[in-house]
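A.B. asks: Once you've had a glance at the structure underneath, I'll fire off some questions.
The values are calculated or read from the model by the stated rules, or taken from the named source; none is laboratory data. For clarity, every value in this text was computed on a predicted model and none was experimentally measured. Glycine gets a Cβ as well: all are built from the backbone with ideal geometry, and neighbour counts include every protein chain shown. Remember, those area values only see protein heavy atoms, side chains included, never the ligands or the DNA or RNA. Shrake-Rupley method; radii C 1.70, N 1.55, O 1.52, S 1.80 Å.
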Amino acid sequence: MKKLMMMLAFFAAISVANAQEFQKADKSPVDIAHYPTDAAKRAFAKTEAQKNALEPKIRVIYARPYKKGRDVFGGLLKYGKAWRVGANESTEILFITDVMIGDTKVKAGRYSVIIIPNEDSWTLKINSENDGWGNFSYDASKDVASITVPTQKSDQEIEQLSIVLYEKSKNVVHLKIGWDTTVAEFPITLK
């Protein structure tokens, strides 16, 4: 019995010594945007109709870098070059239902989001390559949809990259992305 107890103590000491250390907090925290906005809280809805109205349709997971006084568009992010929309891992978009982006039907599923910023417009690319880091895994041949929209200037500086999904009109959700003083909105039609 004494031998067994010593062996257990030995293995416990080894497992504590080899325990995985927690990583330091990331400088660009991860955030999630939903459509509908409160989709993640649908379990708190009081009626079945309210629950159904909060059934998720689109989810975006992204890292939120800070501006930190940098010249973002045309500086940190070069015009005409692919950008993963955020920091760290590629930004992910999940369509729970089929959608239309521009004239292209996109099947329900999980995709990465790429933006090609230009001075007065951004091109959104929905790409079938997932789980990449930065733009290193971006392969334009895997783009499934693309749309270009004009950018707008924000009245206020947006310190941290921000994304929101909202219904602009019936069955048309806008993916709104803003950082620094630039904002772009991409229409997504729910099918």
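A.B. asks: At 1.4 Å probe radius, can you tell me the per residue accessible area of region 124-191 in Å²?
C.D. replies: 52
A.B. asks: Send over a whole-number figure in Å² for the accessible area per residue of region 57-108, probe 1.4 Å.
C.D. replies: So region 57-108 comes to 47 Å² accessible per residue, rounded to a whole number.
A.B. asks: What does the accessible area of K168 come to, in Å² to the nearest 10, when a probe of 1.4 Å is used?
C.D. replies: 120
A.B. asks: Still on this structure: What nm value, rounded to one decimal, do you get for the distance between K142 and V164 when each label is placed 7 Å out toward the C-beta?
C.D. replies: Each label point lies 7 Å from its Cα, and together they span 3.2 nm.
A.B. asks: Working from the pairwise distances between different alpha carbons, so that the mean of 1/r is found and then inverted, what is the chain's Kirkwood radius in Å?
C.D. replies: Evaluated on the chain, it is 18.7 Å.
A.B. asks: I'd like the Karplus ³J(HN,Hα) series for region 100-105: coefficients 6.51, -1.76, 1.60, θ = phi - 60°, whole numbers in Hz, and an x wherever there's a Gly or Pro.
C.D. replies: With coefficients 6.51, -1.76 and 1.60, one gets 10, 10, x, 9, 10, 7 Hz.
A.B. asks: Further question: Given a 10 angstrom Cα cut-off, can you work out which residue in K176, K41, K81 is the most mobile in a GNM of the chain?
C.D. replies: Top of the fluctuation ranking is K41.
A.B. asks: Which pairs in the list K41/K170; K24/K51; K125/K170; K68/K105 are over 29 Å apart, alpha-carbon to alpha-carbon?
C.D. replies: K24/K51; K68/K105
A.B. asks: Hey, what do the phi angles of region 107-122 turn into as Karplus ³J(HN,Hα) couplings, whole Hz, using 6.51/-1.76/1.60 and θ = phi - 60°, x for Gly and Pro?
C.D. replies: Result, ordered by residue: 5, 3, x, 10, 9, 9, 10, 10, 10, 10, x, 10, 4, 10, 7, 10 Hz.
A.B. asks: Between E48 and T104, what length comes free when the chain is fully extended (0.36 nm per residue of separation minus the Cα-Cα distance, one decimal in nm)?
C.D. replies: Gain on extension, E48 to T104, equals 16.8 nm.
A.B. asks: How large is ³J(HN,Hα), in whole Hz, for each residue of region 128-137 in order, when computed from phi with the Karplus curve 6.51 cos²θ - 1.76 cosθ + 1.60 and θ = phi - 60°, using x for Gly and Pro?
C.D. replies: Whole-Hz 3J(HN,Hα) from phi for region 128-137: 7, 7, 10, 6, x, 10, x, 9, 4, 9.
A.B. asks: Leaving out ligands, DNA and RNA, and with a 1.4 Å probe, what % of the accessible surface on the chain is carbon or sulfur?
C.D. replies: Roughly 54 percent, rounded to a whole number.
A.B. asks: So what's the back-of-envelope 222 nm ellipticity for the chain, counting only DSSP H runs of four-plus at -39500 (n - 2.57) apiece and dividing by all residues, rounded to 500?
C.D. replies: When only DSSP H runs of four or more count, the value is -3500 deg cm²/dmol.
A.B. asks: Also: Given the whole protein assembly as supplied and a 1.4 Å probe, what does the accessible area of L54 come to in Å², nearest 10?
C.D. replies: Roughly 40 Å² of L54 is accessible to a 1.4 Å probe.
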